Amino acid sequence: MNKINFYKLKYSIDLKIVGNIYNTELNYQIEEFIDNKNNDKERFDLYRGGDSDHINSNIDMTVFKAHNNAIMTDLMSSSFFRQNGYFISNRFAELLKEFNIEESKLLDCTITNKQKKYSYKFLSIIATSKNINIENSTFRVIEDTAYNPVIKENNIKFNSLGDLADKTRETYFETNGEFKLEPIRVILNRSTDLFQSELDYTTLISERLKNKIEYEGLTGFDFERAKLKTEFYEDF
């Protein structure tokens, strides 16, 4: 088996890179509509997303306005469709053609920044486990805290994603949310470079893709905050 490193896909919070979007708290690079038309809760709910499917192709993707101080980067943080995917530059979208992306779809979109319109893509992603060999992967029950977590159970295996889901719910309710089920060793059954894992709904990118992003000088990413404890292995 070939070990492969993965990283969480995270936005940069370096204000020198993303722009001075800080007020009382860190804001998003994209956080408003370009107009006030139907600027109500129903409209915000529509663009908040959250469905487990791809974004509807009929939604108007030209209505987004960047923060006044935002710098346009290749990965843009946004308050819109946060659970559905990412606003990315055409340059990043072109680069992704060289890599293996699971359950994804690209939509054209427009972002307005200081009266100038920028052509972007929205990378819509659906959580999947089709690329994971569940039976050969291992998990643990660990305290949901950042400091010296207690491990309650170790080296757990499951026969199916359904069994894993049952254990996840059981762990949460039996411990009142104090413990969680966490993957330790994940076995991939095919070459994968970007996917949203159905194990924990985290979007992950391979070291191959990370290195290419850094080599090409793409901006808006934060790999220092994105390190994982989970080990990944390719076995196919």
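For T219, the amide hydrogen comes within under 5 Å of the amide hydrogens of D74, L75, counting only partners 5 or more places away or on other chains and with H modelled in the peptide plane. Highest GNM mean-square fluctuation, the chain, Cα pairs closer than 10 Å: which of K167, K130, K41? In the Gaussian network model the winner is K41.
In plain terms, the chain from N148 to S191 could stretch by 12.1 nm, reckoned as 0.36 nm per residue minus the Cα-Cα distance.
Given 0.36 nm per residue, what is the gain on full extension from Y118 to F99 after removing their alpha carbon distance, in nm? Let's see the in-between values first.
Values: separation 19, 0.36 × 19 = 6.84 nm, distance 2.47 nm.
Fully extending the segment from Y118 to F99 adds 4.4 nm.
In debye, nearest 20: dipole of region 45-160 around its Cα centre with unit charges on the Cβ of K, R (+) and D, E (-)? Don't skip to the end; give the middle numbers.
Details: 14 positive and 14 negative charges, 94 e Å.
Value, rounded to 20: 460 debye.
Compare S77, S104, S89 in a GNM of the chain, Cα atoms joined below 10 Å, and give the one with the largest fluctuation. Highest fluctuation among the options: S104.
Relative contact order for region 14-126: what percent, with Cα pairs under 8 Å and sequence separation of 6 or more? RCO, region 14-126: 29 percent.
DSSP assigns beta bridges within the chain; of those with both partners inside it, close to 80 percent run antiparallel. Pairs exceeding a 21 Å alpha-carbon distance, out of K16/K114; K180/K229; K157/K229; K121/K212; K152/K229; K121/K229: K121/K229.
With charges only on Cβ, +1 for K and R and -1 for D and E, what is the dipole size of the chain about its Cα centre, in debye, rounded to 20? Show your work: numbers first, answer last.
On the way: 32 positive and 38 negative charges, 133 e Å.
The dipole magnitude comes to about 640 debye.
Relative to the longest principal axis of the C-alpha atoms of the chain, give the angle of the C-alpha long axis of helix 207-216, reported between 0 and 90° and rounded to the nearest 10°. Once rounded, one gets 30 degrees. Long-range amide H contacts for I4: which residues qualify at under 5 Å (H placed 1.01 Å from N, peptide plane, sequence gap of 5 or more or a different chain)? The answer is F232, Y233, E234. Against the chain, whose longest principal axis comes from its Cα atoms, helix 161-174 is set at around 90 degrees.
For E153, nonlocal amide neighbours, meaning residues 5 or more places apart or on other chains whose placed amide H falls under 5 Å from its own, are V141. The sum of -39500 (n - 2.57) across all DSSP H runs of n ≥ 4, divided by the residue count of the chain, sets its helix-only mean residue ellipticity at 222 nm to -5000 deg cm²/dmol.
Read-outs throughout are calculated quantities, based only on the coordinates presented, and are distinct from any laboratory measurement. Model, not experiment: these values are computed from the prediction. When we count neighbours, we look across all protein chains shown, and the Cβ atoms used for this are built from the backbone with ideal geometry, even at glycine.
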